[in-house]
Each structure stands twice: as structure tokens, then as C-alpha cells.
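This report concerns only the one structure given below.
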Amino acid sequence: MRAVVITSPGGVESIDVQEVATPQAPTIDRVRVRVHTAGLNRADLIQRRGKYPAPPGYPENIPGLEFAGEVEAVGEAVQSWQIGDRVFGITGGGAQAEFVVVPESNLARIPTELDWVQAGAIPEVFITAHDALFTRAGLQSGERVLIHAVASGVGTAAVQLARAAGATVYGTSRSTEKLEELGRLNLGLHEGLTLGEAPDELIPAVEKWTEGNGIDVILDLVGGIYFPANLQALAALGRLICVGTTAGPKSEINIGLLMRKRATIIGTVLRPRSTEEKAEATRRFAAEVLPLVSRGVVRSVIECVYTPEEIRAAHLHLESNRTLGKIVLTFT
């Protein structure tokens, strides 16, 4: 089969498309999926650089955390899926290939309204956003939510899910143009703020937006220097959920302010979770998000589509930080 392969840690010259062995026929509760499309994520860039190895049991040199395709073979204990079913899902690695083998519980049925490209842009970002906002942070209707890197794949998913739940959504981006485009897309962003290397600018904006009441839930996809401003921006009993570290993994914390606000800080990551944890996140996604997809309430936001042979260009595009939404690889 064709697969995107990391030949050695490094720049884009260290990634290519190669012929590799097709995964063996699935057994027990495993399903082999013929991949039509796969999403590209920042985790793939970090793995290519040698700084984010695949969890045990997943291919070390084939990246890819999400896919959409058809069930091609099933293990003897599989009950939920049949050959030919259209499915998408998440995995710890190996999705950027013509075939991937996953547990049946980590799959969801693709709504009939979606084509392969639309489907390939959904699993990782919508499962991550839904799990972070609702399962971890407990976002409720009527609350105020702030999303950093709001134009990213997870950010555009989170905006739509929060709006659909009845929250008021604010967002930040390093690009004014991206915020303007988000407005044109009408995803549900109430107010946006261009925020770069001076995150203290966030505080007066939040004061204005909330009339001094603060933000109930902050979804932080940036980390680093944003952390102190996040804590100041939180409302009493607010929740800060940390999902990304594009601005660095370290920061300072004002413990006294944390105590006075009785705030909750939550860390989360999807990739290294157990099969059972991923199954629960997938189940909630299928039950609570996919009906919204079918009704057109939320949708995938796609920057562009590449073939696997264009994988280096796709990596360079994502690294440019000019993307809005998802980059998708199409294998068929």
C-alpha cells in the first residue's frame, strides 16, 4: 500500500510517500479500513521533527491521527460494522496510508450528507473540541467561552460546538485576516481579537466583552505566555482547559489569583489515551456531534486538499501558519 513515511527526524525532506506492507487481516474486535482521506495535524509536523513519537503499538514512521474510509475487513468479534460501511475515526498513528487497522469502538458512521473530503476533516478536531469543552470543562448554555487560535482546525470546530450549545463565543488569532474570514464564514464567533506576542492586550478586551464579569471557559490551544493572561481573564469559578503548546510548554502561575477565583485548570490530550478512553470520546462524538453535522448546524472548515505525493507541500503549508481550518490528504 502507499503510505506517508517519515524516513528520519527533520525537515520536510525527511517525509515522503512509499510502498509499505499492507496491515494484516484484522482479528478479534479490529477493523481494517480502506482510507479515502486523512486529516493533517500539527502533531504530524512535530512527529516528523522527532519530538512527538507514536504511542506504543502504533507505527513509528507513518503519521496520521484521523481518517475517513470504507470498512474493508473485520475481525471475528466485530459486531458494529460490515464490509463497505462508510466510517471515520481516530487513531494513535498510521492513518496517512491506504489502509489502517483500528478497534471497532474507535469508529463512527459517516453521515450521508458528507463526501470523503468533508469527512476526513472532522474526527480529530471535533472529538478534541467536544471532549475538551463539554466532557472536561463542562461548558453550559449561557456561559462565555474564549478560544485561542480560533482559526485552527480545533478552533473552528470549537466555535461551532459552543455556539450550538448556547454559549457566547469569543476568539483570538494572530491574524486579522483570519478573524475577518471567520466572520464571513458565520461560524458563531461573537467577538474576535488579534493577539500576538503581547497577551496582556487580552485583559481590556475581556473586560469590555463581559462588562467585567470574565470568561467562564477558556480553551487554550497556544499555551506558553498566554497562561497568566488566561488566569486574569477567567470569571470566578472559571475553567481553563489547556490543549496545545504552540507558544511553548512552560509559563508562570499566580497561585493567589487562582485561589481567589476558585478556578479550575484542566490539561488534556487525545492521542495517548487508551482504547477505552478513545471509545468513550468517540461514542459521545457520535451521539452529540454527528446529529449536528447531519442537520448542517456544524461543518468541517477546509483550507485545501493535497494528494499524498504532495505531502511536503502540505507540511510547508501548515507550518506557514496561514491556514484556516483543516488540510486534508486524499488517497483516492
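Summary table
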{"read-out": "Charge dipole magnitude, Cβ of K and R +1, D and E -1 - the range 125-267, Cα centre, debye nearest 20", "value": "380"}
{"read-out": "Residue among 214, 17, 311 farthest towards the positive dipole end of the chain, charges placed on Cβ", "value": "214"}
{"read-out": "Average Cα contact separation per residue, the chain, under 8 Å, 6 or more apart, as relative contact order %", "value": "19"}
{"read-out": "Student exercise, the chain dipole from Lys, Arg, Asp, Glu Cβ charges, in Debye to nearest 20", "value": "600"}
{"read-out": "Local electrostatic count, residue 184, Cβ distance below 13 Å [Lys/Arg +1, Asp/Glu -1]", "value": "-2"}
{"read-out": "GluC sites (Glu not before Pro) within the range 150-235, DSSP loop, no more than 15 other Cβ atoms inside 10 Å", "value": "197, 211"}
{"read-out": "Over the range 55-118, relative contact order from alpha-carbon pairs under 8 Å, at least 6 apart, %", "value": "36"}
{"read-out": "Selected from 139, 182, 316 as most flexible by GNM, with the chain as the system and alpha-carbon contacts under 10 Å", "value": "316"}
{"read-out": "DSSP-assigned coil residues among trypsin sites (Lys or Arg not before Pro) in the range 9-61, each with at most 13 further Cβ atoms within 10 Å", "value": "49, 51"}
{"read-out": "Under 11 Å, Cβ to Cβ, from residue 24 - net charge with Lys/Arg +1 and Asp/Glu -1", "value": "+2"}
{"read-out": "Efficiency of FRET between residue 332 and residue 254 - r from beta-carbon atoms, R0 56 angstrom, step 0.05", "value": "0.60"}
{"read-out": "Cα gyration tensor, the range 238-329 - rounded (a/c under 1.5), prolate or oblate", "value": "oblate"}
{"read-out": "Fewest-first sequence of 124, 98 by Cβ atoms within 10 Å of each Cβ", "value": "98, 124"}
{"read-out": "Convex hull per residue volume in Å³, alpha carbons only, for the range 125-267", "value": "94"}
{"read-out": "Exposure proxy order (Cβ contacts within 10 Å, fewest to most) of 255, 62, 225, 241", "value": "255, 225, 62, 241"}
{"read-out": "Local net charge near residue 166, Cβ-Cβ under 13 Å (Lys/Arg +1, Asp/Glu -1)", "value": "0"}
{"read-out": "DSSP beta bridge pairing in the chain, given as percent antiparallel to the nearest 5", "value": "55"}
{"read-out": "The range 125-267, relative contact order [Cα under 8 Å, separation at least 6], %", "value": "21"}
{"read-out": "Relative exposure of 302, 110, judged by other C-beta atoms within 10 Å (fewest first)", "value": "302, 110"}
{"read-out": "Shape call, the range 192-245: gyration tensor on alpha carbons, a/c limit 1.5", "value": "oblate"}
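Each reported figure results from applying straightforward, stated rules to the coordinates on display, with no laboratory input. Computed from a prediction, not measured in an experiment: that's the story for all the values here. Because the Cβ atoms are built from the backbone with ideal geometry, glycine has one as well, and the counts that use them run over all protein chains shown.
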